[in-house]
Structures are given as structure tokens and as C-alpha cells.
Amino acid sequence: MLAAAAIALLVTILLALARAALGPSVFDRLQAANTVGTCAMLILALLGFLGGRPEFLDLAIVYGLLNVIGVIAVLKFFNRGNLGDS
Amino acid sequence: MTTLFEILSALCLAGGGFFCIVGGIGLLRMPDFYTRVHAASLTETLGAGLILLGLMLHEGFTLVTVKLLMIGLLIFFASPTASHALTRAALLRGLKPLLDGPAENK
């Protein structure tokens with residue numbers, strides 16, 4: 001059942017990538033990137049269980065943090081033209 | 001007793017996977033950006049929550065479950081913040097929501 005959930009997450013990533021390709025505005029693409037990041041985090045946790053390596057969960061936490069920071073950094077850059085180092 | 005946990009964990013994982021796919025399909029089919037944010041948040045709340053719950057049930061009561069709780073807390077706090085920042089930036093940037101009928105705004 002772990003593998004089934006992992007495959008479902010892969011399908012979700014494919015759908016999000018399709019939205020990233022189609023998305024008219026940049027915010028659709030950012031939303032797709034956010035979804036891909038969350039699904040990647042979940043797949044990391046699932047692989048940690050499938051492979052029997054509990055340290056993958058730490059990777060998932062770090063990946064989730066980086067994903068949020070990345071989305072907010074792109075948003076700030078997109079709105080203000082620079083990252084505040086004018 | 002353990003088979004009950006196994007069944008519950010399998011059910012939660014299947015449900016989580018199902019809701020992730022539903023969120024992904026909603027991401028594609030929704031007509032407007034703001035409705036897509038709603039669909040995408042479905043995967044982050046319900047999909048991730050059920051999958052993490054399934055993993056916790058599968059694992060029982062160990063340190064790994066605490067780590068899974070930490071991931072749950074991270075998603076609980078981080079994803080609404082990111083969605084809020086994204087939607088607010090879109091609104092400030094002048095992305096008009098689709099108020100009248102399903103006009104094609106491609």
C-alpha cells in the first residue's frame with residue numbers, strides 16, 4: 001500500500017507539471033512548484049519507509065522547509081524586482 | 001490488534017493517495033488561478049494528512065512517529081502561509097479573479 005501511495009503521488013506530480021507547463025500566469029507555475037515540492041516531501045517519507053531507512057524523514061523535513069522558502073523568495077523577487085539588496 | 005492498525009494504515013494511505021490525485025486533477029481543471037489554489041491546498045491538507053496518518057499507524061509509537069508529527073506540523077504551518085503569500089501577491093499584481101461565467105482566459 002506504501003507503493004500505491006507513492007505512485008499516486010507521482011501521478012499528482014505529473015498533473016502539477018502539466019499545470020506548470022500550461023499555466024497562463026506565473027502564479028500558476030509557482031502554485032504547481034509548491035505542489036510538486038509537497039508531493040516530493042511525501043514521496044521522500046514513503047521511500048524512507050519502503051527502503052527501511054528512517055533518516056529519510058529528516059530529509060523530508062528539510063526539503064519542505066526549503067520548498068516554502070523558495071516559493072516566498074520567488075514571490076518577493078517577482079513583486080519587488082530585487083531581493084531587497086538594492 | 002496489529003492487523004487493525006495495518007488495515008487502518010492501508011486505508012489512510014489509499015485515501016491520502018486518492019485525495020492527492022483529486023487535488024492534482026483539480027489543479028488542471030479549475031478555470032481560474034484562485035480556484036486552482038483551493039484545489040492545490042486540497043492535496044496539501046487532506047492528501048498529506050492522510051498519508052502521514054497512514055505512516056504513523058504503520059509505524060506505531062516510536063521516534064519515527066515523532067518525526068512524522070514534525071512533518072505534519074511543518075505542513076500545517078508552512079503550506080497555508082505559502083498559499084496566502086502566493087494569492088496575496090497575485091491579487092496585488094492585478095490578477096483579476098474570474099467572477100462572471102467560465103470565460104476562456106488562456
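The values are calculated or read from the model by the stated rules, or taken from the named source; none is laboratory data. Note that the coordinates shown come from a computational prediction; the quantities given were computed from them, not determined experimentally. FYI the Cβ positions are ideal-geometry reconstructions off the backbone, even for glycines, and counts take in every protein chain you see. Side chains are part of the model used for accessible areas, which takes the heavy atoms of the whole protein and leaves out ligands, DNA and RNA. Shrake-Rupley method; radii C 1.70, N 1.55, O 1.52, S 1.80 Å.
Hand me the list of helices (runs of 4 or more DSSP H) wholly inside the range B:1-73 holding 2 or more residues that are farther than 30 Å from B:P97 by Cα and more than 7 Å from every other protein chain (Cβ to nearest Cβ).
In the range B:1-73, B:2-29, B:48-59 are the helices (runs of 4 or more DSSP H) which contain 2 or more residues that are farther than 30 Å from B:P97 by Cα and more than 7 Å from every other protein chain (Cβ to nearest Cβ).
Specify the residue that is nearest to B:G54 (Cα to Cα); the eligible residues are those in the range A:1-21 that are modelled with pLDDT of 90 or more and more than 7 Å from chain B (Cβ to nearest Cβ).
Within the range A:1-21, the match that is nearest to B:G54 (Cα to Cα) is A:A6.
For the list (1) more than 7 Å from every other protein chain (Cβ to nearest Cβ); (2) surrounded by fewer than 21 Cβ atoms within 10 Å (Cβ to Cβ), I need the number of the one condition that B:A85 fails.
(1)
Regarding B:L95, is this residue touching a Phe, Trp or Tyr at 6+ places or on another chain (Cβ under 8 Å) and facing another protein chain (nearest Cβ under 10 Å)?
yes
Across the range A:22-42, what is the number of residues that are under 18 Å from A:L2 (Cβ atoms) and surrounded by fewer than 23 Cβ atoms within 10 Å (Cβ to Cβ)?
Total meeting the criteria: 1.
Just need a number here: residues in the range A:30-66 that are among the charged types (D, E, K, R) and at the interface with chain B (Cβ under 9 Å from one of its Cβ atoms).
Summing the residues that are among the charged types (D, E, K, R) and at the interface with chain B (Cβ under 9 Å from one of its Cβ atoms) in the range A:30-66 gives 1.
Considering B:L4, B:L28, B:L53, which residue is open to solvent by 40 Å² or more (accessible area, probe 1.4 Å), within 17 Å of the chain's Cα centre (by Cα) and without any contact (Cβ under 8 Å) to a residue 40 or more places away in the chain?
Result of the check over B:L4, B:L28, B:L53: B:L28.
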